[in-house]
Amino acid sequence: MYSLPAKQSVAAFDIDAQKTFTPLCPQELPVVEGDLIGPELNAQAAFASVRVASRDAHSPSALWLTDETHPIYSPITGHPNLDVHWPPHAIVGTLGFSFVPGLDEKAYAYQVYKGVEPDMHPYGACFHDLADTISTGAIEFLRCHYITTVLCGGLATDYCVKNTVLQLRKAGFTVILNLGACRGIAPDTTAQAIEEMRAAGVHFIHSAQELQQN
């Protein structure tokens with residue numbers, strides 16, 4: 001069991017829990033079982049006083065889009081806030097932009113839309129740029145609500161979840177990652193991400209059933 005502080009000190013952070021990262025959008029960036037994490041995200045949110053979310057919110061004119069000459073993962077130069085090309089995903093107004101099944105748009109006290117600009121493709125939810133200098137306001141929102149502990153889950157473990165969790169740790173929060181509320185893209189990169197987060201002091205649970213509150 002993991003013992004949490006009083007509820008008023010705890011936040012739940014749903015990181016990019018969107019259909020774009022699920023088999024419901026097979027032409028985007030589907031993660032196996034990504035559409036199944038809603039119940040675990042809801043279960044851990046019961047232990048939090050505030051619930052926040054991040055979403056990729058991309059433009060159909062983004063400079064990182066793949067095409068015939070720029071396949072997925074091919075590098076991008078000349079744009080400091082872009083690293084590689086990705087297929088179209090989480091385009092605002094499409095099915096992929098919406099939350100995974102079971103999540104309620106009205107449940108969130110604060111939402112981050114990231115990657116809105118055509119020349120930006122951040123991974124972590126706490127900063128708009130890859131250098132972590134342009135805040136999305138998430139850290140400030142948590143601090144203003146006197147949050148000390150953040151329960152995290154979302155998609156995908158080895159990319160946006162990892163980067164967001166590491167940003168929260170660097171900001172001084174205690175972070176618990178619910179592996180039951182996450183799914184990763186690939187086993188090797190997911191294992192590597194978990195080790196990086198563990199080295200940064202992140203705590204891990206496998207289900208919200210492991211939580212108890214003082």
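Throughout, read-outs are computed from the coordinates displayed, never taken from laboratory work. Please read these numbers as outputs of a predicted model, since none were measured by experiment. Here Cβ is always computed from backbone atoms with ideal geometry, including for glycine, and neighbour counts include all displayed protein chains.
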Exercise for the section: Kindly indicate whether any position in the stretch 16-26 is in contact (Cβ under 8 Å) with a residue 40 or more places away in the chain, crowded, with 23+ Cβ neighbours inside 10 Å and aliphatic (A, V, I, L, M). Expected result: yes
Handout entry: Test: residue 94 is over 22 Å from residue 154 (Cα atoms) and among the β-branched types (Val, Ile, Thr)
Key = no
Exercise for the section: Would you confirm whether any residue within the stretch 137-151 is within 11 Å of residue 15 (Cα to Cα) and under 11 Å from the mean Cα position of the chain (by Cα)? Expected result: no
Practice task
Test residue 163 against the stated conditions and say whether it is touching a helix residue (DSSP H, G or I) at 6+ places or on another chain (Cβ under 7 Å), among the polar types (S, T, N, Q) and crowded, with 20+ Cβ neighbours inside 10 Å.
Solution key: no
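Mind checking which residues of the stretch 189-214 are under 22 Å from residue 167 (Cα atoms) and of a type in the set (Asp, Glu)?
Keep residues of the stretch 189-214 that are under 22 Å from residue 167 (Cα atoms), which gives 189-206.
Scanning the stretch 189-214 gives 195, 196.
With within 16 Å of residue 132 (Cα to Cα) and either surrounded by fewer than 14 Cβ atoms within 10 Å (Cβ to Cβ) or not small (Gly, Ala, Ser) (or both) as the only criterion, which of 95, 103, 82 stands out?
On the way: 95 fails: within 16 Å of residue 132 (Cα to Cα); 103 fails: within 16 Å of residue 132 (Cα to Cα).
From the options 95, 103, 82, the qualifying one is 82.
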Practice task
Restricting attention to the stretch 16-47, report how many residues are within 20 Å of residue 144 (Cα to Cα) and within 17 Å of the chain's Cα centre (by Cα).
Solution key: 1
Exercise for the section: Could you please tell me which pairs satisfy a Cβ distance under 9 Å, a separation of 6+ or placement on different chains, a first residue in the stretch 178-191 that is farther than 17 Å from residue 12 by Cβ, and a second residue that is of a type in the set (A, V, I, L, M, F, W, C) and assigned to a strand (DSSP E or B)? Expected result: 183/155; 184/155; 185/155; 190/182
Handout entry: Any chance residue 97 is within 16 Å of residue 181 (Cα to Cα) and aromatic (Phe, Trp, Tyr)
Key = no
Fill in the blank from the handout: Checked 123, 110, 146 against criteria (crowded, with 17+ Cβ neighbours inside 10 Å, of a type in the set (Ser, Thr, Tyr), touching a residue at least 60 places away in the same chain (Cβ under 8 Å) and touching a helix residue (DSSP H, G or I) at 6+ places or on another chain (Cβ under 7 Å)); the one match is 110
Completion exercise
Being of a type in the set (Phe, Trp, Tyr), over 25 Å from residue 36 (Cα atoms) and in contact with a strand residue (DSSP E or B) (Cβ under 8 Å, 6 or more places away or on another chain) narrows 127, 99 down to just 127
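Mind listing whichever residues of the stretch 72-87 are hydrophobic (A, V, I, L, M, F, W, C), in contact (Cβ under 8 Å) with a residue 24 or more places away in the chain and part of a loop (DSSP other than H, G, I, E, B)?
Narrowing the stretch 72-87 to residues hydrophobic (A, V, I, L, M, F, W, C): 72, 76, 82, 84, 86.
Right, trim to in contact (Cβ under 8 Å) with a residue 24 or more places away in the chain and you get 82, 86.
Once the filter is applied, which keeps residues that are hydrophobic (A, V, I, L, M, F, W, C), in contact (Cβ under 8 Å) with a residue 24 or more places away in the chain and part of a loop (DSSP other than H, G, I, E, B), the stretch 72-87 yields only 82.
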